Amino acid sequence: MKLLDYLTQAPGSQAALARTLGLSIAQVWQWKEGIRPVPPIYAKRIESATDGQIRCWDLRPTDWHDIWPELVTAEGAPPIQERPANLPSGEPQKVGRKGRAANDPVAVERVAQEG
């Protein structure tokens, strides 16, 4: 289950998760909205806090198998996704104001040309 789906199911769940993790609601909101990736240490804590409703691979879909190789053979494990070639492991795709990927070299070049 996606973090966004989990947190929109019940009012107050975002604040409750933030309290459980000892974080600000703003930090959890940034993860929910995809602004920042969930750090691996919090991914495990979220999986535990949600009784496995959200799995580590839901929170880190492109690099979960690198972080937790023991989960590759776990029941329900998704297929391993390919990372975009221009992104190092764990780096989120940043989207700029116009919906373009800010760290995609092709998109950056297009923006420079549109000037």
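Values in this text are rule-based calculations from the coordinates and carry no lab data. Only a predicted model underlies this, so the values are computations on that prediction, with no experimental measurement involved. Here Cβ is always computed from backbone atoms with ideal geometry, including for glycine, and neighbour counts include all displayed protein chains.
Tabulated results
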| read-out | value |
| --- | --- |
| Pair Lys2, Ser48: separation of 7 Å Cα→Cβ label points (nm) | 2.7 |
| ³J(HN,Hα) computed for each position of segment 24-34 - Karplus, 6.51 cos²θ - 1.76 cosθ + 1.60, integer Hz, glycine/proline x | 7, 4, 4, 5, 5, 4, 4, 5, 4, 7, x |
| Tensor-based shape of segment 16-57 (alpha-carbon gyration tensor, a/c under 1.5 rounded, otherwise prolate or oblate) | oblate |
